[in-house]
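The structure under discussion appears below in the form of structure tokens.
The values are calculated or read from the model by the stated rules, or taken from the named source; none is laboratory data. Just so you know, these numbers come straight off a predicted model, no measurement behind them. Virtual Cβ from ideal backbone geometry, glycine too; neighbours counted across all protein chains shown. In case anyone asks, the SASA skips ligands and DNA or RNA and just uses the protein heavy atoms, side chains included. Shrake-Rupley method; radii C 1.70, N 1.55, O 1.52, S 1.80 Å.
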Amino acid sequence: MEHYFNENHLMIRDMVRDFAQNEIAPVAGELDQESKFPWENVRKMGELGLFGIPWAEELGGAGMDGISYMIAIHELAKVDASHAITISAHTTLGTSPIVAFGTAEQKERFVPTLAAGQVLGGFGLTEPGAGSDAGGTQTMAVRTDGGWILNGTKIFITHAGVGELFVVTAVTDREMGPKGITSFIIAKPTTDLEIARELGIGHSEDLPFSDGVRAGKKEDKMGWRASDTRELVMEDAFVPDDQVLGEPGRGFINFMQTLDSGRIGIAALSLGIAEGAFEQAMGYANERRQFGQRINEFQGIQFMLSDMATEIEAARHLVYHAAWLKEQGRPYSKEAAMAKLFASELAMRATTKAVQVHGGYGYTKEYPVERMMRDAKICEIGEGTSEIQRIVIARHIIRELNG
Ligand code: COS
């Protein structure tokens, strides 16, 4: 594994690992049970620079590379997937489209606040009728004097309550199909305004909020319960011309590219869950005694641990290989889909085995493996289901065959 990492990578790995052990592990279970957003740890993660790892220092980022960013997600997810998705959704979905497709003025205006974790960002793509069929977007943007009027509802939006800046997609030309979709940057006040003001994060007095944008219903989820997921509603929301992101009509292609990179992030997050569950299972199997011996002396348990270790090793290579390709500026869409598909399905298999190793205790909230198993499931769904990953991979391999 070490050939993917340099000194800086190992430094960020150790720093995030310590933070996760000391600050997240003691509160993860309670946050999950109460479905509570980790505002205190968000502030601390902001202080550590975790909200802008891959962005240039001129934009307020930490000036590190994409591999460092994947390492941070991986390490956070070993302890708690909700903290990991908070960093991932904010960075890849909320900030990277502005970094990649924004004008110099938009980058200067929005990225430093996001990179500092001063405000949280997100991405509004999914709608009630546009899930896997992302081109089926119904949210409409109609031209008006000096900008656009947006109407529509986005669903399952990470940070729709606690975030303030969102990149959303809307149809600007119905006739053009996916080529008639455009991206916009919108801003709304955070729902937890008092907490945000008190902590000095999650809110900016300077942001010009778009009237008519609000958070909707909060989801009561199976997992990722300490991550904020709600509807994002736009009712006659005015977005000025200088908040159109990228070329009009390029919204679909731009979010496909954003998702390519997001998929490596979900793969790293899934790998973290699998590895976290594996570590728990190893620890438990080394302590627990039945029939007069430690249970890791039984072959039935050893086989489960061996399968987990082997698949985790394979997933590590897929994840960091995809991240390395991206870092080298090489094509990585197929490898990102493969990493996401394999690692997310592994997260489900590994957490299920970890619960099994723990026996009855694994089914209780006394041990974190039941939370990890619930947290793993969404990895096979979010940022493209396993079925969508297989479609993306199939399109690539068939295209490669036919030239
Ligand atoms: N990078 C760049 N361009 C891409 C692309 C990518 N990864 N994927 C597609 N495009 C381009 C295509 O090349 C095509 O442009 P041309 O007509 O100029 O060739 C255009 O986008 C339309 O693509 P396509 O015809 O493949 O679109 P489909 O409607 O068939 O959709 C899938 C393709 C299913 C792969 C896509 O809708 C998808 O990924 N869906 C899942 C969405 C998702 O992950 N949602 C979860 C969001 S959670 S934040």
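The table for this structure:
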read-out: Every residue from region 88-116 that is surrounded by fewer than 24 Cβ atoms within 10 Å (Cβ to Cβ), under 17 Å from Arg43 (Cβ atoms) and hydrophobic (A, V, I, L, M, F, W, C); value: Ala116
read-out: Selection status of Thr126, touching an Asp or Glu at 6+ places or on another chain (Cβ under 6 Å) and more than 19 Å from Gly102 (Cα to Cα); value: no
read-out: Gly177, sole failed condition from (1) surrounded by fewer than 14 Cβ atoms within 10 Å (Cβ to Cβ); (2) under 22 Å from Leu114 (Cβ atoms); value: (2)
read-out: In region 274-294, the residues that are acidic (Asp, Glu) and open to solvent by 80 Å² or more (accessible area, probe 1.4 Å); value: Glu279, Glu287
read-out: Scope region 225-274; condition aromatic (Phe, Trp, Tyr) and more than 13 Å from the ligand (Cβ to nearest atom); matching residues; value: Phe238
read-out: Test for Phe238: is it of a type in the set (A, V, I, L, M, F, W, C) and open to solvent by less than 10 Å² (accessible area, probe 1.4 Å); value: no
read-out: Within region 57-80, tally of residues that are out of contact with any helix residue (DSSP H, G or I) (no Cβ under 8 Å at 6 or more places or on another chain) and either β-branched (Val, Ile, Thr) or open to solvent by less than 10 Å² (accessible area, probe 1.4 Å) (or both); value: 0
read-out: Region 140-197: number of residues that are basic (Lys, Arg), within 23 Å of Thr103 (Cβ to Cβ) and in contact with a Leu (Cβ under 9 Å, 6 or more places away or on another chain); value: 1
read-out: Subset of region 61-77 [among the acidic types (Asp, Glu) and assigned to a loop (DSSP other than H, G, I, E, B)]; value: Asp65
read-out: Qualifying residue in region 99-107 (condition: more than 16 Å from the ligand (Cβ to nearest atom), farther than 21 Å from Pro248 by Cβ and of a type in the set (Val, Ile, Thr)); value: no
read-out: Any hit, region 290-306, residues being touching a residue at least 40 places away in the same chain (Cβ under 8 Å), in a helix (DSSP H, G or I) and within 27 Å of Thr258 (Cα to Cα); value: no
read-out: Neighbours by Cβ (under 9 Å, 6+ apart or cross-chain): first from region 244-261, in contact (Cβ under 8 Å) with a residue 40 or more places away in the chain and not assigned by TED's automatic domain parsing to the domain that holds Ser132; second of a type in the set (D, E, K, R) and within 6 Å of the ligand (Cβ to nearest atom); value: Leu259/Glu383
read-out: Selection within region 205-222 - at pLDDT 95 or above and either over 24 Å from the mean Cα position of the chain (by Cα) or not assigned by TED's automatic domain parsing to the domain that holds Ala237 (or both); value: Gly212
read-out: Listing of helices (runs of 4 or more DSSP H) fully contained in region 330-403 that carry 1 or more residues being within 13 Å of the ligand (Cβ to nearest atom) and crowded, with 23+ Cβ neighbours inside 10 Å; value: 333-358, 386-402
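Let's see how each residue does on (1) away from the ligand (no atom under 16 Å from the Cβ); (2) open to solvent by 20 Å² or more (accessible area, probe 1.4 Å); (3) touching a Ser or Thr at 6+ places or on another chain (Cβ under 8 Å); (4) not charged (D, E, K, R):
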residue: Leu120; (1), (2), (3), (4): no, no, yes, yes
residue: Ala130; (1), (2), (3), (4): no, no, yes, yes
residue: Gln138; (1), (2), (3), (4): no, yes, no, yes
residue: Ala141; (1), (2), (3), (4): yes, no, yes, yes
residue: Trp148; (1), (2), (3), (4): yes, yes, yes, yes
residue: Asn151; (1), (2), (3), (4): yes, yes, yes, yes
residue: His159; (1), (2), (3), (4): no, no, yes, yes
residue: Val171; (1), (2), (3), (4): no, no, yes, yes
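So that you can scan it fast, the table gives a plain yes or no per residue for (1) touching a helix residue (DSSP H, G or I) at 6+ places or on another chain (Cβ under 7 Å); (2) without any contact (Cβ under 8 Å) to a residue 60 or more places away in the chain:
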site: Met11; (1), (2): no, yes
site: Asp14; (1), (2): no, yes
site: Ala20; (1), (2): yes, no
site: Gly29; (1), (2): yes, no
site: Phe37; (1), (2): no, no
site: Arg43; (1), (2): yes, no
site: Gly46; (1), (2): no, no
site: Trp55; (1), (2): yes, no
